[in-house]
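First the structure, in the form of structure tokens, and then the observations on it.
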Amino acid sequence: MTSSDGVDDEKRATLRRFAAVGAASPLAGLSETASAETGDNDARDAITGYLSTTPGAHFSKIRDDLQLGTGETQHHLRHLTDAGTIERYRDGDYKRFVLANRFDEFEKHALGYLRRETPRGMLVELLSDPDATGGDLADALAVSAPTVSKYAGELEEAGLLSREGGYTVERPTTVLLLVVRHADSFGERAMRLARNADQHLAYDYADDAREF
């Protein structure tokens, strides 16, 4: 259904839901020249709100989840980037976005891999069970052993995983807290981990020097 100003009602509801999150943040009020026809403020606050709950989302996911057009998404992301509200970074073939000045380089890499189904599953399983083997991961994720090995190599190259004497998540508390804080956007496996996060935070992660 389309309202009298030409904006689809479902799209409007989606934008308003995320805009409410964005408007509640210190980054609200993102456009001084918003028009009633384009709803610039709603769209930009919605993107800000969306990225506060789904950091590391790539361009297509932002566009599709917020039901925006390609040109419209490009326009608003460019405006928000130029204004210093959000940051764009390259992750392989993807352009990913986060709120500005919220994440260090390690966390941005981690978010990129947490947005991919199999690497995310591997990291979540290893956070749940640090002793899990490659075979355990393959069984838990219903993928082949070569698939686990392939992604383990990518995660190691990205600095997120060590393969010395087994698989070990680098800076595990940092990765765990990223999962816990944004579990709703990572799916049921991550949400189960988040529900038991207090048990995992009790582990002695001696190599994880970052404090929160």
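Read-outs: derived from the displayed coordinates by stated rules, not from any lab. Computed from a predicted structure; not experimentally measured. Reconstructed Cβ throughout: ideal geometry from the backbone, glycine too, with neighbour counts over all protein chains shown.
Show me, for the stretch 191-196, the HN-Hα J-couplings you get by feeding each phi into the Karplus relation (A = 6.51, B = -1.76, C = 1.60, θ = phi - 60°), rounded to Hz, glycine and proline as x.
After applying 6.51 cos²θ - 1.76 cosθ + 1.60, I find 5, 5, 4, 4, 5, 10 Hz.
Could you give the length gained by full extension between Arg181 and Asp198, i.e. 0.36 nm per residue of separation minus their alpha carbon distance, to one decimal place?
4.8 nm
Give, as a single signed number, the net charge of other residues whose beta carbon lies under 12 Å from the beta carbon of Glu157, with Lys and Arg counted +1 and Asp and Glu -1.
-1
Give a residue-ordered list of calculated ³J(HN,Hα) values for the stretch 111-127 (Karplus: 6.51 cos²θ - 1.76 cosθ + 1.60, θ = phi - 60°; whole Hz; x for Gly, Pro).
Per residue, the Karplus-derived 3J(HN,Hα) values read 4, x, 6, 5, 7, 10, 4, 6, x, 4, x, 5, 5, 5, 4, 6, 5 Hz.
Give the long-range amide H neighbours of Asp91: residues separated by 5 or more places, or on another chain, with amide H under 5 Å away, using H modelled in the peptide plane at 1.01 Å from N.
The answer is Arg96.
Could you give each residue of the stretch 51-65 its phi-based ³J(HN,Hα) in whole Hz, using Karplus coefficients 6.51, -1.76, 1.60 with θ = phi - 60°, and x for Gly or Pro?
For the stretch 51-65, the Karplus curve yields 6, 6, 9, 10, x, x, 5, 8, 3, 5, 5, 4, 4, 6, 5 Hz.
What dipole magnitude, in Debye to the nearest 20, does the stretch 36-123 give about its Cα centre under +1 on Lys/Arg Cβ and -1 on Asp/Glu Cβ?
340 debye
As a test of understanding, state the convex hull volume per residue of the stretch 33-138 from its alpha carbons, in Å³.
112 Å³
Given +1 on the Cβ of Lys and Arg, -1 on the Cβ of Asp and Glu, and no further charges, what dipole in debye does the stretch 82-212 carry about its Cα centre, rounded to the nearest 20?
Computed about the Cα centre, the dipole is about 560 debye.
Test of understanding: what is the full-extension gain from Ser128 to Asn101, defined as 0.36 nm times their sequence separation minus their Cα-Cα distance?
6.8 nm
Under a crude label model (7 Å from the Cα following the beta-carbon direction), how far is Asp93 from Ser149 in nanometres?
Spacing of the two 7 Å Cα→Cβ label points: 2.4 nm.
Just want to confirm a number: the relative contact order over the stretch 98-203, from Cα pairs under 8 angstrom separated by 6+ residues, in percent.
27 percent
If you take the charge dipole of the stretch 73-212 about its Cα centre, with +1 on Lys and Arg Cβ and -1 on Asp and Glu Cβ, which of Gly187, Tyr89, Thr147 is farthest toward its positive end?
Toward the positive end, the furthest listed residue is Tyr89.
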